[in-house]
Every structure is written in structure tokens, then in C-alpha cells.
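In what follows, a single structure is set out as C-alpha cells and then discussed.
What follows is calculated from the coordinates using simple rules that are stated; it is not laboratory data. None of the values given here were measured: they were computed from a predicted structure.
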Amino acid sequence: MRGWGDDALLDSYHSERHPVGRAVLRSSGAIIRLAMIRPRWGRAARNTLAGLLPRLPPARAAVAGSISAIGFRYPAPRGADRRVGVRVPNLALRTGRLYDALHGGRFVLVGDAGELTLPAQVDAVAPARPLDRLLLVRPDGYLGWVGTAEQFPAWARDYFRT
């Protein structure tokens with residue numbers, strides 16, 4: 001945390017990340033059990049399904065998201081925008097792509113922040129196309145907050161140590 005997150009941020013780690021780890025362990029266990037199927041009819045059914053699933057985009061996305069753990073959605077706080085907690089796509093920025101901006105391991109604020117003074121832990125970037133709200137993307141690529149510049153300071157005071 002390098003001294004900038006408050007204690008509540010560290011306390012949230014288990015409740016937030018433990019369900020993700022549990023889901024990844026379940027899916028990897030299921031994959032191993034499928035690979036080890038012994039009856040001939042079970043292997044035939046597995047092989048048939050394995051050939052069909054990649055042809056169905058929703059199934060393909062669900063399997064890939066489950067195996068990689070990036071398909072997981074974190075619960076949003078009460079009253080938060082419905083998008084909070086989802087993995088943010090690799091948005092086009094005026095100077096590259098969002099995932100490149102996240103390489104520094106810092107929060108990234110996407111949008112026109114105007115005269116907003118940001119905490120030192122947040123990098124501001126301009127999207128290639130205007131957005132209706134500011135997006136605060138966590139270092140792990142998940143959306144942590146959505147709102148206007150006027151709403152940001154109160155939220156930031158609670159989250160970051162200054």
C-alpha cells in the first residue's frame with residue numbers, strides 16, 4: 001500500500017478477493033475432473049461439449065472469464081453506479097489505451113476532470129471519446145467509482161490518505 005491507503009482498504013481484501021480465489025479453485029478443480037473422466041461415454045460427452053462451447057460466444061466468454069478470474073464482478077457499494085465492480089474494457093485514450101495507463105500500478109481517472117485536484121495516487125487520462133461521467137479505474141482494472149468531478153473529492157478523502 002506504500003502508506004497511502006487507509007486501514008479499511010486493507011480490511012476489505014479478504015471479503016473482496018476470497019470469493020474470487022474460491023471461484024478460481026472451483027473452476028480449475030472442475031477442469032481437472034473433466035480431464036480425468038474415466039468412462040468412455042463421459043469422455044465422449046466431454047469432447048462433444050468441448051467442441052460446441054467455443055462456437056457459442058456467451059459460453060466462451062463465461063468459461064474464459066471463470067478460468068482467468070477476470071469475469072468476476074465485485075459487489076458495488078449501496079447507491080453506487082451499476083457499473084462499479086466490473087472489469088473495465090481496454091478503452092481507447094487520446095494517448096494510447098487504458099491497460100497501458102494501468103501498467104504503473106496506480107488508479108487511473110478516465111474523463112475530463114477539469115480543475116479537479118487529484119490525490120497523488122491517481123493518474124488522469126483523457127478518453128478518445130467524451131464520457132458522460134468520470135471513471136476511476138482501480139490498479140487491477142476494475143471500476144472503483146463513477147461520478148462527476150463535484151462528487152470526487154468527498155469520496156477520495158475517505159479512500160486515500162493525503
_HN-Hα J in Hz across the range 37-52 - Karplus 6.51, -1.76, 1.60, θ = phi - 60°, x for Gly and Pro_ = 4, 9, x, 4, 5, x, 5, 5, 5, 4, 5, 5, 4, 4, x, 7
*Where does the range 45-101 land on Rg(C-alpha)/(2.2 N^0.38 Å)?*
1.55
*Using θ = phi - 60° and the Karplus form 6.51 cos²θ - 1.76 cosθ + 1.60, what ³J(HN,Hα) does each residue of the range 89-103 get, whole Hz, x for Gly and Pro?*
x, 6, 4, 6, 10, 4, 10, x, 10, 4, 4, 5, 5, 7, 4
*Normalised contact order of the range 22-111, rounded percent, pairs of Cα under 8 Å and 6 or more residues apart*: 18
*asked:* Nearest 5 percent is fine: what portion of the DSSP beta bridges confined to the range 13-162 is antiparallel?
replied: 75
*Please state the relative contact order of the range 81-134 as a whole percent: Cα pairs under 8 Å, 6+ residues apart?*
36
*asked:* What translational diffusion coefficient, to the nearest whole µm²/s, does the range 35-135 have by Stokes-Einstein, given a Kirkwood radius computed over alpha-carbon pairs, a temperature of 37 °C and 0.692 mPa s viscosity?
replied: 192
